[in-house]
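First comes the structure, then the notes that go with it.
The values are calculated or read from the model by the stated rules, or taken from the named source; none is laboratory data. Everything numeric in this text was worked out from a predicted model, so none of it was measured. Every residue, glycine among them, receives a Cβ derived from its backbone with ideal geometry; neighbour counts consider all protein chains shown. Protein only, heavy atoms only, side chains kept; ligands, DNA and RNA dropped before computing areas. Shrake-Rupley method; radii C 1.70, N 1.55, O 1.52, S 1.80 Å.
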Amino acid sequence: MTDTLTVAAGQRGPAETEKRDAIIDAAKEHFSRYGYGKTTVSDLAKAIGFSKGYIYKFFESKQAIGEAICTGCLGVIIDAVGIALAESSTPTEKFRRLFKTIIEQSAELFFDDRKLYDIAAASTMENWASSRAYCERVEVILQSIILEGRESGEFERKTPIDEVCRGIMLVMQPFMNPMMLQHNLDLLPEAPNEVTNLVLRSLAP
């Protein structure tokens with residue numbers, strides 16, 4: 001349950017190298033200071049002491065570097081979800097902990113490092129592979145919880161499972177989507193708790 005996201009979009013050469021990791025770490029620090037949107041690959045190369053051509057040996061674009069950073073941030077959220085679910089005993093509790101953890105981790109990223117949060121927002125707005133992989137992973141976890149709840153008799157079984165999962169993902173978007181969450185921070189944690197309660201009532205047999 002705790003496997004991290006792996007997205008190789010725009011990355012060149014071997015999947016794991018110390019040099020690539022060094023570029024990612026330096027880029028993360030630079031983006032944290034100046035923001036993703038205002039930084040070019042030339043700016044980044046100058047700031048971290050590599051040539052622009054050297055960076056392009058490992059990443060085909062600034063977005064590819066952003067993808068790597070975003071994948072790491074989103075992977076931390078997925079890992080936290082795995083830990084939370086491992087500590088939950090029932091499908092209903094797992095359902096609550098799934099979205100509670102996602103929202104708490106996302107809000108923490110927003111407040112702790114606003115400029116890195118902006119990378120996650122760009123990922124969502126531009127439909128990066130990292131964002132798609134994250135949403136797909138969350139939906140897979142959600143589906144496993146719904147199926148477990150149906151098997152235990154906690155959740156209804158009549159509605160098609162794909163329809164249930166799509167509907168739940170849609171109603172949780174205001175608190176999961178980085179572009180939307182930043183406008184709903186004042187509603188935490190009451191609003192997502194209320195939505196979660198409503199969804200659970202709809203899932204009751």
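Can you tell me which residue among VAL76, VAL81 is in contact with a helix residue (DSSP H, G or I) (Cβ under 9 Å, 6 or more places away or on another chain), among the β-branched types (Val, Ile, Thr), surrounded by fewer than 17 Cβ atoms within 10 Å (Cβ to Cβ) and within 27 Å of ILE24 (Cβ to Cβ)?
Values: VAL81 fails: surrounded by fewer than 17 Cβ atoms within 10 Å (Cβ to Cβ).
The unique qualifying residue is VAL76.
For ARG33, are the conditions met, namely being at pLDDT below 90 and touching a strand residue (DSSP E or B) at 6+ places or on another chain (Cβ under 8 Å)? When the stated conditions are applied, ARG33 does not pass them.
What pairs come out if I take residues in region 47-64 that are of a type outside the set (Asp, Glu) and pair them with residues that are open to solvent by 70 Å² or more (accessible area, probe 1.4 Å) and part of a helix (DSSP H, G or I) whose C-beta lies under 6 Å away, six or more apart or interchain? Nothing qualifies.
Considering region 84-98, and only residues there that are among the basic types (Lys, Arg) and in contact (Cβ under 8 Å) with a residue 24 or more places away in the chain, the residue that is least open to solvent (accessible area, probe 1.4 Å) turns out to be LYS94.
The number of residues in region 36-46 being touching a residue at least 12 places away in the same chain (Cβ under 8 Å) and either farther than 26 Å from GLU108 by Cβ or surrounded by 15 or more Cβ atoms within 10 Å (Cβ to Cβ) (or both) comes to 6.
Name the pairs: first residue in region 99-121 and closer than 10 Å to ILE77 by Cα and assigned to a helix (DSSP H, G or I), second residue of a type outside the set (Val, Ile, Thr) and modelled with pLDDT of 90 or more, Cβ to Cβ under 6 Å, at least 6 apart or on different chains? Short answer, once both residue conditions are applied: THR101/ALA80; THR101/ALA84; ILE102/MET176; ILE103/PHE175; ILE103/PRO192; GLN105/ALA80; SER106/LEU181. Taken over region 111-147, the criterion of being of a type outside the set (D, E, K, R), open to solvent by less than 50 Å² (accessible area, probe 1.4 Å) and farther than 26 Å from GLY167 by Cβ is satisfied by LEU116, TYR117, ILE119, ALA122.
Would you mind stating whether PHE58 is modelled with pLDDT of 90 or more and in contact with a Pro (Cβ under 7 Å, 6 or more places away or on another chain)? Judged against the criteria, PHE58 is not a match. When you look at ILE65, is it open to solvent by less than 70 Å² (accessible area, probe 1.4 Å), β-branched (Val, Ile, Thr) and in contact with a Phe, Trp or Tyr (Cβ under 7 Å, 6 or more places away or on another chain), yes or no? Judged against the criteria, ILE65 is a match. Each residue in region 170-184 was checked for being touching a residue at least 60 places away in the same chain (Cβ under 8 Å) and either open to solvent by 30 Å² or more (accessible area, probe 1.4 Å) or part of a loop (DSSP other than H, G, I, E, B) (or both), and 1 pass.
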